[in-house]
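Below: one structure, written as structure tokens.
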Amino acid sequence: MAPIPAATTVTTPFGPFTILARDSAVLAAGFTDDVQALLPLVHPMLRTPGDADLDLMTKAVHAYFDGDLTAIDAIPVEQRGGPFLTQGWAALRVVPAGTPVSYTQLAARAGRPAAVRAAAQACARNAAALFVPCHRVVRTDGALGGYRWGVGIKRHLLTHEGVNGS
């Protein structure tokens, strides 16, 4: 069995939300209470046991759901991927709550306007739900598109952030 980073599960209005972390950084997070379901999302080089400030991360999640939509922004995230995935995840981290962007806009923000499919892959391969807010990316026509944790949760998150018609 692979080593497991520090883990905690938080109760949210949309169900359990589990965080895997090491040191000060989130490695993976998602709307599940199953640590084993999240572990494959963590790059093998990052799957090491260790201490993490889970209390700080938990407080940020609670604050987000209590209405401080920027509470999760300061929590570091560590993911591994190729250059575009890394750029895509960085671009996602600065999409403000309440202002969803299209996959086309995400590609442009990541520095490669023609790489719309790669932008979609950055969302699909994002291991750190909420902290890297891929739920804030929608299709050009405004349709929600997919979400690893279900379109219903994506809709609820966008509504929580004040997006009408989501």
Scanning the range 114-162 for residues that are in contact with a Gly (Cβ under 6 Å, 6 or more places away or on another chain) and in contact (Cβ under 8 Å) with a residue 60 or more places away in the chain, the one nearest to ALA60 (Cα to Cα) turns out to be ALA129
### Message
Can you confirm whether THR70 is polar (S, T, N, Q), out of contact with any strand residue (DSSP E or B) (no Cβ under 8 Å at 6 or more places or on another chain) and touching a residue at least 24 places away in the same chain (Cβ under 8 Å)?
### Response
yes
(message) Looking at the range 133-142, can you tell me whether even one residue there is within 19 Å of VAL42 (Cα to Cα), surrounded by 13 or more Cβ atoms within 10 Å (Cβ to Cβ) and β-branched (Val, Ile, Thr)?
(response) no
Exactly one of THR12, THR32 is surrounded by 17 or more Cβ atoms within 10 Å (Cβ to Cβ), in contact with a His (Cβ under 9 Å, 6 or more places away or on another chain) and either touching a residue at least 24 places away in the same chain (Cβ under 8 Å) or in the same structural domain as ARG109 (by TED's automatic domain parsing) (or both), and that one is THR12
Practice task
Restrict the check to the range 98-119 and report whether at least one residue is among the basic types (Lys, Arg), buried (at least 18 other Cβ atoms within 10 Å of the Cβ) and not assigned by TED's automatic domain parsing to the domain that holds PHE17.
Solution key: yes
Those residues of the range 9-21 which are assigned to a strand (DSSP E or B) and under 16 Å from the mean Cα position of the chain (by Cα) amount to THR9, VAL10, THR12, GLY15, PRO16, PHE17, THR18, ILE19, LEU20, ALA21
I'd like to know if the range 35-51 contains one or more residues that are surrounded by fewer than 17 Cβ atoms within 10 Å (Cβ to Cβ), at pLDDT 95 or above and either out of contact with any Lys or Arg (no Cβ under 8 Å at 6 or more places or on another chain) or not assigned by TED's automatic domain parsing to the domain that holds HIS135 (or both).
no
Checklist entry - touching a Lys or Arg at 6+ places or on another chain (Cβ under 9 Å), without any contact (Cβ under 8 Å) to a residue 60 or more places away in the chain and surrounded by fewer than 13 Cβ atoms within 10 Å (Cβ to Cβ), is that true of VAL94? => result yes
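The values are calculated or read from the model by the stated rules, or taken from the named source; none is laboratory data. Predicted model only: the values in this text are computed from it and were never measured. Glycine gets a Cβ as well: all are built from the backbone with ideal geometry, and neighbour counts include every protein chain shown.
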